[in-house]
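What follows is a single structure, written as structure tokens, with notes after it.
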Amino acid sequence: MMLKRLRTLTVTFLMFIMSFPVAALEENEVAAYTDFINTLITTSSISKKGEICVLGSDEISSAFLLKNDKVINLDKNPDKFHSCRAIYVAVDSEKFLKSELSKFSSNKIFTVAIFEGFTDIGGMVQVQMGRRNFEMIVNAKAVKDSNVRINSLLTNLIIN
């Protein structure tokens, strides 16, 4: 009886915890990520010409859209991906992303995200906050195949 009650309490507690939204980034973190990713894109040598695009919706994609009116929102204009030279991918796009990443890669579009496992599913660069700086996990094969050359001043932030 006691074990059954403990299980019920545990399940209830877990459901309570899971009902809270994932912690959002603070405003200064959003600004820092946006600036870093923008610098990464604009200072790297990308063979594909075009605009910066965003796929999905999070604080960083919203900041990109507010900061620059030339940023293309692929959620509203999915057929415009050919106009992109780089795409910031929000975590809410993860569900259907694997097929999209192969399409972007074959079109030599640089892809960047901040969520865990992005490079494992074919993305090019995953940016994360380190102890004192940003760190990058790079899918070297995808980057090389797309003729992207990451700015040499930023390569010291690569951790893999």
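Tabulated results
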| quantity | calculated |
| --- | --- |
| Segment 92-115, residues that are crowded, with 22+ Cβ neighbours inside 10 Å and closer than 20 Å to residue 47 by Cβ | 101, 104, 109, 110, 111, 112 |
| Residues located in segment 132-160, provided they are of a type outside the set (Ser, Thr, Tyr), assigned to a loop (DSSP other than H, G, I, E, B) and either surrounded by 17 or more Cβ atoms within 10 Å (Cβ to Cβ) or in contact (Cβ under 8 Å) with a residue 60 or more places away in the chain (or both) | 139, 147, 150, 151, 153, 154 |
| Filter pass, residue 159 being closer than 30 Å to residue 26 by Cβ, at pLDDT 90 or above and of a type outside the set (Asp, Glu) | no |
| Residue in segment 99-116 that is farther than 21 Å from residue 74 by Cα and either touching a residue at least 60 places away in the same chain (Cβ under 8 Å) or within 10 Å of the chain's Cα centre (by Cα) (or both) present | yes |
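The values are calculated or read from the model by the stated rules, or taken from the named source; none is laboratory data. These numbers were taken from a predicted model, which means no experiment stands behind them. All Cβ positions, glycine included, derive from the backbone under ideal geometry; neighbour counts span all protein chains shown.
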